[in-house]
Amino acid sequence: MSEITHARVLKIAFPIVLANATVPLLGLVDTGVVGQLGAAEPIGGVAIGALVLSSIYWVCGFLRMGTTGLTSQALGEGQSREVASLLLRGLLIGGGFGLLVILLQLPLIAGAFAISPASDEVESLAREYMTIRVWSAPAAVSMYAVTGWLIAQERSRAVLVQQIFANGINIILDILFVLVWDFGVKGVAMATFIAEWGGLLLGLWLCRDAFAVKLRWPEILDPARLKRMAVVNTDILIRTLLLQSIIILFVMWGARFGDVTLAANEVLMQFVTLTAFALDGFAFSAEALVGQALGRKDKPMLRRAALLTSYWGFGACVVFAVFFAIGGGTIIDILTTAPDVRSHAREFLPWMVAGPVIGVSAWMLDGIFIGATRSRDMRNMMLISFVIYVAAAIPLMTAFGNHGLWAAMLVSWIARGVTLGLRYPALERSAI
């Protein structure tokens, strides 16, 4: 196994950053194509339908993280058969969860509209979209396992190829089905359905070396290994739900300050999303390299993996902080044309400048702990950070309004970084 170098870190990181860049592009094309239909209702129907299904799939992110950590460790241990088995276990879990979504589609869709009702026409179009796209749920969820498996082996270029392929198909079919053949909202759903299954098939082909290993079902369904995978994935799921709860509370509390503040916060959250997308590359590098080092029980390698990936992550965050300080106002103007929202967002822009540097330790330590499959620590430290966030937000909002709300968000990032940092020595000790 080669030495961990800056070039090795960047080789993993850059394709992930490029792959993430294609995600918002697909959303823009979906919206733009439906927007050509000349009515607001199709845009709303696609937006709500995509949001509901994407939120369900997003929860399954634990499968990507758990697969990366466990596979990278098995790779470090030299267990080639276990590396192959982990992909098949992940595909079984992803396919099973996807089938469950299909079976429960009616109550899931009904529940979504009970929580957030829409007009009759928008709801009808959203249902039309979801009842088509939901049949690709097994593919969409299984891709988390494929992505995690490829990242663990530092094959991030393959992830980029798969992402460009799937999104490219989606965009081409969007144009054909909606603008050329006039299928409307059904066309957008059909395009995504085909793209998700096509993306999975390409992903499986990219992982074909795993299927060349002749495995027996008792190996794949080994109870002890299945239990370990279940524990890791459950802990990460709880951690993810707590993280999502912080974001939901942030939006709900921000709404109390009025529509303009709510809109300004949504614009500024795009700065956070942009930073997170860029940092994913270095966090994923940490997952793969830390996991391999831990599998080898190589403490110096583990420390070097954590440090080198974090150096690059910190450097990227400094660049983003400077970029937001210089060009943040221009980004706000691009994202909204409303004068009151623009001026309001500018008032809170300093939090976006501080955010990347303050949040980098939390984001990078997440990657380090995922690679080490220290999922219990991730769950417990996120729970502590959630409590700290709520405890900080209430008095800070009372005293400083929306500034206090943004301050509480940054406090939660500090809490995640500090609490995980305190657990890092124990992580290193496990590599002996």
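In straight-distance terms, cross-link reach from K186 covers every one of the aspartates and glutamates whose alpha-carbon lies under 15 Å from its own, apart from those fewer than eight places away in the same chain; here that gives D30, E41, E121, E123, E128, D174.
Shape class of region 109-234 from the Cα gyration tensor (axes a ≥ b ≥ c, square roots of the eigenvalues): oblate, since a/c reaches 1.5 or more and a/b does not exceed b/c.
Quantify how much of the Cα-Cα distance distribution of region 279-366 extends past 23 Å, in percent.
Tail fraction, whole percent: 40.
Extending 7 Å from the Cα toward the beta-carbon at both A255 and L100 defines two label points whose distance is 2.8 nm. In angstrom, the C-alpha Rg and Dmax of the chain are 21.8, 64. Working ranking of peptides 201-213, 151-163 by packing, defined as the average number of other Cβ atoms within 10 Å per residue, highest first, is 151-163, 201-213.
Calculated mean residue ellipticity at 222 nm for the chain: -30000 deg cm²/dmol, from DSSP H runs with n ≥ 4 weighted as -39500 (n - 2.57), summed, divided by the residue count and rounded to 500. For region 315-384, the square roots a ≥ b ≥ c of the C-alpha gyration tensor eigenvalues yield an a/c of 1.5 or more together with a/b exceeding b/c, which makes the shape prolate. For the chain, what are the DSSP H helices with axial Cα length of 30 Å or more and mean Kyte-Doolittle hydropathy of at least 1.6? Span-like helices, by this rule, are absent here. Entry comment: accessible area of region 91-157 is 44 Å² per residue, from protein heavy atoms only and a probe of 1.4 Å.
Within straight-line reach of K11, meaning a Cα separation under 12 Å, sit the following aspartates and glutamates at least 8 residues removed in sequence or on another chain: E154. Contact order, relative form, for the chain: 22 percent (alpha carbon pairs under 8 Å, 6 or more residues apart, mean separation divided by residue count). As a ratio to 2.2 N^0.38 Å, the alpha-carbon radius of gyration computed for region 101-167 takes the value 1.50.
Contact order for region 319-432, expressed relative to its length and based on alpha carbon pairs under 8 Å spaced 6+ residues apart, stands at 27 percent. The portion of the accessible surface of region 261-339 made up by carbon and sulfur, rounded to a whole percent, is 70 (1.4 Å probe; DNA, RNA and ligands excluded). In Å, what Kirkwood hydrodynamic radius results for region 289-432 from the alpha-carbon pair distances? Here the Kirkwood hydrodynamic radius works out to 16.8 Å.
The residues of region 211-330 present an accessible area of 48 Å² per residue when probed at 1.4 Å with all protein chains retained.
Spatially, region 310-326 and region 159-197 are offset by 34 Å when compared through their Cα centroids.
Note on K299: aspartates and glutamates with a C-alpha under 17 Å away, same-chain residues under 8 apart excluded, are E3, E77, E287, E428.
For region 132-195, what's the relative contact order in percent, using C-alpha pairs closer than 8 Å and at least 6 residues apart? Present the calculation step by step, with values, prior to reporting the outcome.
Numbers: 42 pairs, mean separation 27.4, N = 64.
Over region 132-195, the number comes to 43 percent.
The values are calculated or read from the model by the stated rules, or taken from the named source; none is laboratory data. What you see is a predicted model, and the numbers here were worked out from it, not measured in a lab. FYI the Cβ positions are ideal-geometry reconstructions off the backbone, even for glycines, and counts take in every protein chain you see. Just so you know, the surface numbers come from the protein's heavy atoms only, side chains and all, with ligands and any DNA or RNA stripped out. Shrake-Rupley method; radii C 1.70, N 1.55, O 1.52, S 1.80 Å.
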